[in-house]
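> A single structure is presented below for examination.
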Amino acid sequence: MKKLVFALSMICISACQKKMNISHYKWSSKGAQSKSSLRPELFNSPDSTVLLYDEIIESYKQRIGGAIVDSSFLQKISSSNGQLQFINAQFEPDSLNKIKSTAEKLHNLRFTALEVVKRKSLALSTANYIFEPEVYISGSETNPKLQYQFEFIPKDGSGVFSMRVSPSYAIESFQRVEKCFQESRSFVFPTGPRLSDLIETFLTPLIGDGSLSSPRVNVSSLDGKAASAENGEFVFSTSDPRFDQVQAFFFAQKTLNYAETHWGFSLPFPLKIELHAGYPEKTDLMYYHQKVIRLGEGNISYKNIPRDPSIVTHEVAHAIIDSISAMSSEGEAGRLNEGFADYITATIWEIPELGHTAFLKRPFTRTVDVKTLYSEQNGGTYHDSGIISGTFWEIEKQLGSAKTQKLALKTIARLGAHPLFVDALPAIMDASKSSAFSTEDLDLIKSVLIKRGWPVE
């Protein structure tokens, strides 16, 4: 099975697809405005709504007959009293109503199509988990293309894979895509076993059904050994595999508590965390996708992954970014996504190094305390992500954590789902203007951007 998934992911039988005729629109109450116009009727109800600081953020996808238009999004930001502050959108402006009825038909048949394709694909039929199927529109106005999209985690837990399938059930592309009311006594390493000693604590809030579940987080394990309360307590030896579930729950809860306390932000969905990804094999897997985090135990480069606060928080940060902007995990957007996740992790734990507990080959995997310049982009995921994480980490040294966190999160909100690096600077500048910073603060931000080679006018 592992060989099959690997082969398919490497071959990636991807049909050449033309990009949609995507239009871009930006508007800000602070003055920035696009020359193009937005057609609000192309977007229906928001896919997500969250409160961040003093702003309400709504995220939309353009849908026609229930089918999602590839690379489309609408990001709308309003003040807490409902006054519109910022709009960022990518959409297909040409009429695709000619395929609306077909799109509706495929959308209604997407679960039936899934069962048909399962009979053709061993990877899909034996998948450990399948996300809700969708229908996508790609191509162009003159030649629109409708495809089913099936995303799944294979039997061996080796990642998240996306399959695009034609209406006649031909597999056209295959690729890997990644990106609490009761308390209970327990013992944890508060900042991981490398940086702290084991302490007694109380896990809170728990829903009280004996599982590691809160209104925000649910933790389970793919090895089938679920941590459950014994005499009302989650007390396990550090050699017990169930201890890792407690530790991951503790770190995830702490991260989300921090977001609520410091940013006024609550994740708009319950986060699912599954440990022992790849079971029965030990793996170095660590990823977030569609409201689910999966963590391996560690194998070659890592050990005790769920006990590393920076790794757990980094994946929770991806969930936060997802709920604020639905930012893609691919291409330049993916590199920006990783950079913001690294910065969020570092600023919450006040430690610039990531992977400092679980990584075996060096004292840490990477750090946000880097000097990578904007002009030094080379397409490497964690090289280019350092441009973003390093910039905000340096701004934090000048501006402090509270203001810099506000700047970073408002920047994420203004980038939308498919940003490029060239979009980051305008988003940073608009976010700084909307944050009621002093002239001195704005000058500090600008000086760091200039120092790090951002094309500031």
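> Restricting attention to the range 144-176, which residues are under 23 Å from Leu109 (Cβ atoms) and part of a loop (DSSP other than H, G, I, E, B)?
Result: Ser166, Pro167, Ser168, Tyr169, Ala170.
> Let me ask something else. Could you identify the single residue in Lys403, Lys410 that is assigned to a helix (DSSP H, G or I), more than 18 Å from the chain's Cα centre (by Cα) and of a type outside the set (S, T, N, Q)?
Details: Lys410 fails: more than 18 Å from the chain's Cα centre (by Cα).
Lys403 is the lone residue from the list that is assigned to a helix (DSSP H, G or I), more than 18 Å from the chain's Cα centre (by Cα) and of a type outside the set (S, T, N, Q).
> Now for a separate question. Name the single residue, out of those in the range 85-125 being of a type in the set (Val, Ile, Thr) and over 17 Å from Gln149 (Cα atoms), that is modelled with the lowest pLDDT.
Within the range 85-125, the first condition is being of a type in the set (Val, Ile, Thr), and the residues that meet it are 87, 99, 102, 112, 116-117.
From what is left, the residues that are over 17 Å from Gln149 (Cα atoms) are 87, 99.
Values: Ile87: 94, Ile99: 89.
Looking at the filtered set, the residue picked out is Ile99.
> State whether one or more residues within the range 414-423 are among the basic types (Lys, Arg) and surrounded by fewer than 20 Cβ atoms within 10 Å (Cβ to Cβ).
Our first condition is that a residue be among the basic types (Lys, Arg); within the range 414-423, this holds for 414.
Within this subset, residues satisfying the condition of being surrounded by fewer than 20 Cβ atoms within 10 Å (Cβ to Cβ) are none.
No, there is no match, as no residue in the range 414-423 is among the basic types (Lys, Arg) and surrounded by fewer than 20 Cβ atoms within 10 Å (Cβ to Cβ).
> Which ones in the range 115-141 are crowded, with 18+ Cβ neighbours inside 10 Å, among the aliphatic types (A, V, I, L, M) and out of contact with any helix residue (DSSP H, G or I) (no Cβ under 8 Å at 6 or more places or on another chain)?
Within the range 115-141, just Ala127 meets the criteria.
> With respect to Ile99, determine if the residue is touching a strand residue (DSSP E or B) at 6+ places or on another chain (Cβ under 7 Å) and within 16 Å of Asn44 (Cα to Cα).
Details: touching a strand residue (DSSP E or B) at 6+ places or on another chain (Cβ under 7 Å): yes; within 16 Å of Asn44 (Cα to Cα): no.
It is false that Ile99 is touching a strand residue (DSSP E or B) at 6+ places or on another chain (Cβ under 7 Å) and within 16 Å of Asn44 (Cα to Cα).
> Please find, among Ala341, Ala277, Ala346, Ala319, the residue that is in the same structural domain as Val246 (by TED's automatic domain parsing), crowded, with 24+ Cβ neighbours inside 10 Å and either aromatic (Phe, Trp, Tyr) or modelled with pLDDT of 95 or more (or both). So that I can check it myself, show each step before the final result.
Working: Ala341 fails: in the same structural domain as Val246 (by TED's automatic domain parsing); Ala277 fails: either aromatic (Phe, Trp, Tyr) or modelled with pLDDT of 95 or more (or both); Ala346 fails: in the same structural domain as Val246 (by TED's automatic domain parsing).
Exactly one of Ala341, Ala277, Ala346, Ala319 is in the same structural domain as Val246 (by TED's automatic domain parsing), crowded, with 24+ Cβ neighbours inside 10 Å and either aromatic (Phe, Trp, Tyr) or modelled with pLDDT of 95 or more (or both), namely Ala319.
> Can I ask one more? More than 25 Å from Gly278 (Cα to Cα) and part of a loop (DSSP other than H, G, I, E, B): is that true of Asp209 in this structure? I'd like the intermediate steps shown before the answer.
Working: more than 25 Å from Gly278 (Cα to Cα): yes; part of a loop (DSSP other than H, G, I, E, B): yes.
Yes: the conditions hold for Asp209.
> Further question: When you scan the range 142-154, how many residues do you find that are under 21 Å from Glu330 (Cβ atoms) and either under 23 Å from the mean Cα position of the chain (by Cα) or surrounded by fewer than 19 Cβ atoms within 10 Å (Cβ to Cβ) (or both)?
7
> Quick check on the range 155-174: of everything there that is surrounded by fewer than 18 Cβ atoms within 10 Å (Cβ to Cβ) and more than 26 Å from the chain's Cα centre (by Cα), which residue is nearest to Asp70 (Cα to Cα)?
Ser166
> Just checking, which of Phe236, Phe243 is in the same structural domain as Ala319 (by TED's automatic domain parsing), out of contact with any His (no Cβ under 6 Å at 6 or more places or on another chain), part of a loop (DSSP other than H, G, I, E, B) and aromatic (Phe, Trp, Tyr)? Show your work before the answer.
Details: Phe243 fails: part of a loop (DSSP other than H, G, I, E, B).
Result: Phe236 is the single residue among Phe236, Phe243 that is in the same structural domain as Ala319 (by TED's automatic domain parsing), out of contact with any His (no Cβ under 6 Å at 6 or more places or on another chain), part of a loop (DSSP other than H, G, I, E, B) and aromatic (Phe, Trp, Tyr).
> On the given criteria, is Ser80 loosely packed, with under 14 Cβ neighbours inside 10 Å and farther than 23 Å from Gln149 by Cβ?
Details: loosely packed, with under 14 Cβ neighbours inside 10 Å: yes; farther than 23 Å from Gln149 by Cβ: yes.
Judged against the criteria, Ser80 is a match.
> Moving on. Within the range 424-457, how many residues are of a type in the set (A, V, I, L, M, F, W, C) and either exposed (fewer than 14 other Cβ atoms within 10 Å of the Cβ) or under 16 Å from Leu409 (Cβ atoms) (or both)?
First, the residues of the range 424-457 that are of a type in the set (A, V, I, L, M, F, W, C): 424-425, 427-429, 431, 436-437, 442, 444-445, 448-450, 454, 456.
Next, only the ones that are either exposed (fewer than 14 other Cβ atoms within 10 Å of the Cβ) or under 16 Å from Leu409 (Cβ atoms) (or both) stay: 424, 427-429, 431, 436-437, 445, 450.
Going through the range 424-457 one residue at a time, the tally reaches 9.
> Among the residues of the range 375-388 satisfying the criterion of being surrounded by fewer than 20 Cβ atoms within 10 Å (Cβ to Cβ) and under 30 Å from Ser301 (Cα atoms), which is farthest from the chain's Cα centre (by Cα)? Give the steps one after another, and end with the answer.
Filtering the range 375-388 for residues surrounded by fewer than 20 Cβ atoms within 10 Å (Cβ to Cβ) gives 375-383.
Then drop every residue that is not under 30 Å from Ser301 (Cα atoms), which leaves 376-383.
On the way: Glu376: 25, Gln377: 22, Asn378: 22, Gly379: 19, Gly380: 18, Thr381: 15, Tyr382: 15, His383: 18 Å.
Out of the qualifying residues, it is Glu376.
> Can you find a residue that is among the hydrophobic types (A, V, I, L, M, F, W, C), under 25 Å from Ser48 (Cα atoms) and buried (at least 20 other Cβ atoms within 10 Å of the Cβ) anywhere in the range 235-244? Walk me through it before giving the result.
Of the range 235-244, the ones among the hydrophobic types (A, V, I, L, M, F, W, C) are 235-236, 243.
Next, from what is left, pick out any that are under 25 Å from Ser48 (Cα atoms): none.
No, the range 235-244 contains no residue that is among the hydrophobic types (A, V, I, L, M, F, W, C), under 25 Å from Ser48 (Cα atoms) and buried (at least 20 other Cβ atoms within 10 Å of the Cβ).
> Another one. Select the helices (runs of 4 or more DSSP H) contained entirely in the range 94-143, then report the ones holding at least 3 residues which are charged (D, E, K, R). I'd like the intermediate steps shown before the answer.
Numbers: elements: 100-108, 110-118, 122-125.
Result: 100-108, 110-118.
> Also, I was wondering about something else. Is it true that some residue in the range 389-397 is farther than 30 Å from Ser162 by Cβ, surrounded by fewer than 20 Cβ atoms within 10 Å (Cβ to Cβ) and aromatic (Phe, Trp, Tyr)?
So far as the range 389-397 goes, no, none of its residues is farther than 30 Å from Ser162 by Cβ, surrounded by fewer than 20 Cβ atoms within 10 Å (Cβ to Cβ) and aromatic (Phe, Trp, Tyr).
> Could you tell me which residue of the range 1-40 is modelled with the lowest pLDDT, considering only residues that are in contact with a Ser or Thr (Cβ under 7 Å, 6 or more places away or on another chain) and among the basic types (Lys, Arg)?
Lys2
> Could you list, ordered by first residue, the pairs with Cβ atoms under 6 Å in which the first is in the range 197-209 and farther than 12 Å from Arg185 by Cβ and hydrophobic (A, V, I, L, M, F, W, C) and the second is assigned to a strand (DSSP E or B) and at pLDDT 85 or above, at least 6 apart or interchain?
Listed pairs, sorted by first residue: Leu198/Phe187; Ile207/Ser213.
The values are calculated or read from the model by the stated rules, or taken from the named source; none is laboratory data. Quick caveat: nothing in here was measured; it's all calculated off a predicted structure. Don't worry about glycine lacking a Cβ; one is built from the backbone with ideal geometry, like all the others, and counts go over all protein chains shown.
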